[in-house]
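Single-structure report; data block below.
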Amino acid sequence: SIEEGSLFPVMKTASGRVLLAFMEDTERMAILQKNEDFKSYSARKQQKFLASLKEIVEAGHYVTPSDLATGVVDITVPVGSGRQALASLTVSILSMQLDGSVTHEEILSAAKQAASRISANLGMHFTN
């Protein structure tokens, strides 16, 4: 189990990747240039990671097996305004709990609706 308030590397979590993806380029690079994981990557691997962030922006969400917990799928959407995410909303699902009664797409749709309501309650509207 994961304790509330636990800290994880930004590049290894779905929420961290979504937050990085929806940052301004200069802010993102300032963070990544200080990140030990990113600095340890070859130039090619760094470019591949940055390209994956662009794919997240284009999709407007991120669905991926967790890098930190075996058998978990993370469905993550940005919360914020314009192309700036102030936060992210992640629904983590044990893969074995999905029995077909609810699909990833249905969970993603509900997460997007929730993120939209949160953004609206903050006086913002997120657009992709």
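The values are calculated or read from the model by the stated rules, or taken from the named source; none is laboratory data. In this text, all values refer to a predicted model and were calculated from it rather than measured experimentally. Note that we place each Cβ from the backbone using ideal geometry, even for glycine, and neighbour counts take in every protein chain shown. To get the accessible areas, we keep the full protein, side chains included, count just its heavy atoms, and leave off ligands, DNA and RNA. Shrake-Rupley method; radii C 1.70, N 1.55, O 1.52, S 1.80 Å.
A few remarks follow.
- Here residue 76 does not fit the description of being under 17 Å from residue 14 (Cβ atoms), β-branched (Val, Ile, Thr) and in a loop (DSSP other than H, G, I, E, B).
- Selected residue (criterion: nearest to residue 24 (Cα to Cα)) from residues of the range 40-88 that are of a type in the set (S, T, N, Q) and touching a residue at least 40 places away in the same chain (Cβ under 8 Å): 84
- Answer residue from the range 41-73, given it is among the hydroxyl-bearing types (Ser, Thr, Tyr) and outside any helix (DSSP H, G or I) and is nearest to the chain's Cα centre (by Cα) among those: 62
- Residue that is nearest to residue 115 (Cα to Cα) [pool: residues in the range 1-45 that are basic (Lys, Arg) and open to solvent by less than 50 Å² (accessible area, probe 1.4 Å)]: 17
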